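Colleague: Dropping the structure in here first, questions after.
The values are calculated or read from the model by the stated rules, or taken from the named source; none is laboratory data. Everything quoted here is computed from the prediction, not taken from an experiment. Note that we place each Cβ from the backbone using ideal geometry, even for glycine, and neighbour counts take in every protein chain shown.
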Amino acid sequence: MQIAACGTNGTDRMGSCRCCGIGGIGGDSIQDWQLFVVAVSVPQAGDSLLIQVEGIKMTKIIWMSDPHFQNEGTIDGLDPRMRLAAAIDHANTHHADADFAILSGDLVGDDIEGDYTALAGYLAKSELHIYPMMGNNDDRAGLRSRLPLPEDTMPDFIQFALETAEGTVVCLDTHKVGSHAGQFCDVRRDWLDNLLRKTADRPAYIFMHHPPLALGLPKQDEIMLEDDDTFLNVVCRHTNVKHLFMGHVHRPTCGTVRGIPFATLGALSFQAPAPRPAWDWDSFKPPKEAPQYGVLEISNGNVILQYTQFCDFALGMDG
């Protein structure tokens, strides 16, 4: 069998073929090809056939959320520095082949300058580039001054888009100053609407901190995105929106909203209790559930999210 283009094992993160190291033909990487052409010799007939084989391409993202990082002290009996370090070490060891990582909000605690400065040092230990996002506990000026962001990030809000082999990854800013609930104002909505229109020929995968729907988690639903209908009206106008990914609730859930699939994620820090038995913020006590991050693989339009436990519950807990 004679193969005109390799393509048997896909490409690495730099666009080179994993099995032979070929970087591409005619200036295009194999990762960007839609189809490979394979020439097959058939000895019985003595003829040569051309067979089109669908190209293998994939975008792999490590999705982390809600580290609630503090440069000192504990939160609800947890040392968040140990949990973040364990998550980064686990991803370095097992998922260094990912394209990048996303950290979808609630990055720090109350010490804005000290927490963001120390957080930057921890994130620098990651072998993957980690894109930070805004949550309700974050500060735009503090984040922007200490953590790297894409050059085309919005000037007033921390929103940006990342182009991948499988489509456009969109990272939104749902922070509302002085509130734990989320907000998505006209300026941010116009930016998203224009972006989705410009990239209408490519699938779009949206990351945001606050869910734009009630999830059956009574206390978290009280602090969801306030502009939920307006937001959903925007994304439903664009058929290229394929999936929503949200943090904030400290629990994994999944489903659809207006026909669009969504997923939430457990936190890097502490988890929220299940909704039954009922609880409130005064009686809140994190359950003995281990933290997690998500391993997201998008291949030929198919989306697979694996919830991954990266350490035991006891790590970083008092007692």
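Colleague: Can you work out which of the residues in region 61-105 that are surrounded by fewer than 22 Cβ atoms within 10 Å (Cβ to Cβ) and of a type in the set (D, E, K, R) is farthest from His250 (Cα to Cα)?
Modeller: Applying the filter and picking the extreme gives Asp97.
Colleague: Could you please give the count of residues in region 106-143 that are assigned to a loop (DSSP other than H, G, I, E, B), surrounded by 16 or more Cβ atoms within 10 Å (Cβ to Cβ) and in contact with a helix residue (DSSP H, G or I) (Cβ under 7 Å, 6 or more places away or on another chain)?
Modeller: Residues flagged as assigned to a loop (DSSP other than H, G, I, E, B), surrounded by 16 or more Cβ atoms within 10 Å (Cβ to Cβ) and in contact with a helix residue (DSSP H, G or I) (Cβ under 7 Å, 6 or more places away or on another chain) within region 106-143 amount to 6.
Colleague: Kindly indicate whether Ala278 is assigned to a loop (DSSP other than H, G, I, E, B) and assigned by TED's automatic domain parsing to the domain that holds Val108.
Modeller: Judged against the criteria, Ala278 is a match.
Colleague: I've got another one for you. Would you check which residues across region 259-274 are within 16 Å of the chain's Cα centre (by Cα) and either in a loop (DSSP other than H, G, I, E, B) or small (Gly, Ala, Ser) (or both) and list them?
Modeller: Correct list: Ala263, Leu265, Gly266, Ala267, Leu268.
Colleague: Between Pro211, Pro150, which is surrounded by 17 or more Cβ atoms within 10 Å (Cβ to Cβ) and not in a strand (DSSP E or B)?
Modeller: Of the residues listed, the single one that is surrounded by 17 or more Cβ atoms within 10 Å (Cβ to Cβ) and not in a strand (DSSP E or B) is Pro211.
Colleague: Looking at Pro261, is it surrounded by 13 or more Cβ atoms within 10 Å (Cβ to Cβ) and over 19 Å from Val169 (Cα atoms)?
Modeller: The answer is no for Pro261.
Colleague: Please indicate, with yes or no, whether at least one residue in region 295-306 is farther than 28 Å from Val235 by Cβ, surrounded by fewer than 18 Cβ atoms within 10 Å (Cβ to Cβ) and free of Cβ contacts under 8 Å to residues at least 24 places away in the same chain.
Modeller: The answer is no, given that none of the residues of region 295-306 is farther than 28 Å from Val235 by Cβ, surrounded by fewer than 18 Cβ atoms within 10 Å (Cβ to Cβ) and free of Cβ contacts under 8 Å to residues at least 24 places away in the same chain.
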